[in-house]
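Trainee: Here you go, one structure.
The values are calculated or read from the model by the stated rules, or taken from the named source; none is laboratory data. If you're wondering where the values come from, they're calculated on a predicted model, not measured in any experiment. Neighbour counts are summed over all protein chains in view; Cβ atoms, including those assigned to glycine, are modelled from backbone coordinates with ideal geometry.
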Amino acid sequence: MTHELPEFYFRVRENGAMVYRVDTENRQRRIEMDQIAVVNVNKGEIKPQGDRELTPGEMEEIRTWMEARQALLAMRELDDIHRAVDHLNLTAQWAQAKATPEQLDQVTDALLLAMHDLRTVLVRKKADRLTKS
């Protein structure tokens, strides 16, 4: 069973990826990867590697990957927030049912400050949205 490898490989790193062209068409039939660019997803930058000039096809592939990556990261970010809500609920249950006084002493101030900060931001943002509509 043979699987065709993709033409490009994106090694994900913080803020983006390093882009490689995948080559299996060589005498030894080894997989070779030639770095062609560095991508910064946050800034939307594509920087060719060395003196290389990217072809329009390469640029299109990289832009397509960037759009998909940005969508994935946005989805993950929202999922993380939903998980945070679950963790707040689990924390409330823990504090009510399981926590010892010593454990509560260790976390109460940090939790109260974090929740106060979050509440302040959420209330301000909600007020902004309500006044705009």
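Trainee: Looking at segment 55-72, which of its residues are within 16 Å of the chain's Cα centre (by Cα) and either crowded, with 16+ Cβ neighbours inside 10 Å or at pLDDT below 95 (or both)?
Mentor: Of everything in segment 55-72, those that are within 16 Å of the chain's Cα centre (by Cα) and either crowded, with 16+ Cβ neighbours inside 10 Å or at pLDDT below 95 (or both) turn out to be W65, M66, R69.
Trainee: With the structure loaded, tell me whether R52 is surrounded by 11 or more Cβ atoms within 10 Å (Cβ to Cβ), modelled with pLDDT under 95 and assigned to a loop (DSSP other than H, G, I, E, B) or whether it fails that test. Walk me through it before giving the result.
Mentor: On the way: surrounded by 11 or more Cβ atoms within 10 Å (Cβ to Cβ): yes; modelled with pLDDT under 95: yes; assigned to a loop (DSSP other than H, G, I, E, B): yes.
So R52 passes the test.
Trainee: From the residues in segment 25-35 that are part of a strand (DSSP E or B) and free of Cβ contacts under 8 Å to residues at least 24 places away in the same chain, which one is surrounded by the most Cβ atoms within 10 Å (Cβ to Cβ)? Full working, then the answer.
Mentor: Of all residues in segment 25-35, those part of a strand (DSSP E or B) come to 32-35.
When the remaining residues are screened for being free of Cβ contacts under 8 Å to residues at least 24 places away in the same chain, the result is 32, 34-35.
Numbers: E32: 12, D34: 11, Q35: 15.
Filtering first and then ranking leaves Q35.
Trainee: Considering only residues that are under 20 Å from L72 (Cα atoms) and surrounded by 14 or more Cβ atoms within 10 Å (Cβ to Cβ), which ones fall in segment 1-24?
Mentor: Kept after step one, since they are under 20 Å from L72 (Cα atoms), are these residues of segment 1-24: 6, 8-19.
Answer for segment 1-24, where residues must be under 20 Å from L72 (Cα atoms) and surrounded by 14 or more Cβ atoms within 10 Å (Cβ to Cβ): F8, Y9, F10, G16, A17, M18, V19.
Trainee: With the requirement that a residue be touching a strand residue (DSSP E or B) at 6+ places or on another chain (Cβ under 9 Å), closer than 16 Å to E67 by Cα and not hydrophobic (A, V, I, L, M, F, W, C), what does segment 14-46 give you?
Mentor: N15, G16, N40, N42, K43, E45
Trainee: Look through V22, V12 and report the one residue that is under 16 Å from R63 (Cα atoms), in a strand (DSSP E or B) and not polar (S, T, N, Q). Break it down stepwise before answering.
Mentor: On the way: V22 fails: under 16 Å from R63 (Cα atoms).
Sole residue among the options that is under 16 Å from R63 (Cα atoms), in a strand (DSSP E or B) and not polar (S, T, N, Q): V12.
One line per residue, one yes/no per condition, for (1) touching a Pro at 6+ places or on another chain (Cβ under 6 Å); (2) part of a helix (DSSP H, G or I); (3) in contact (Cβ under 8 Å) with a residue 60 or more places away in the chain; (4) of a type in the set (V, I, T):
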{"site": "M59", "(1), (2), (3), (4)": "no, yes, no, no"}
{"site": "I62", "(1), (2), (3), (4)": "no, yes, no, yes"}
{"site": "E67", "(1), (2), (3), (4)": "no, yes, no, no"}
{"site": "Q70", "(1), (2), (3), (4)": "no, yes, no, no"}
{"site": "L73", "(1), (2), (3), (4)": "no, yes, no, no"}
{"site": "R76", "(1), (2), (3), (4)": "no, yes, no, no"}
{"site": "D86", "(1), (2), (3), (4)": "no, yes, no, no"}
{"site": "A99", "(1), (2), (3), (4)": "no, no, no, no"}
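This table checks each residue for (1) of a type outside the set (A, V, I, L, M, F, W, C); (2) under 30 Å from R11 (Cβ atoms).
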site: R52; (1), (2): yes, yes
site: E67; (1), (2): yes, yes
site: A74; (1), (2): no, yes
site: R129; (1), (2): yes, no
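Trainee: Looking at segment 22-49 only, could you name the residues that are at pLDDT below 95, under 14 Å from E7 (Cα atoms) and not hydrophobic (A, V, I, L, M, F, W, C)?
Mentor: D23, T24, E25, E32, D34
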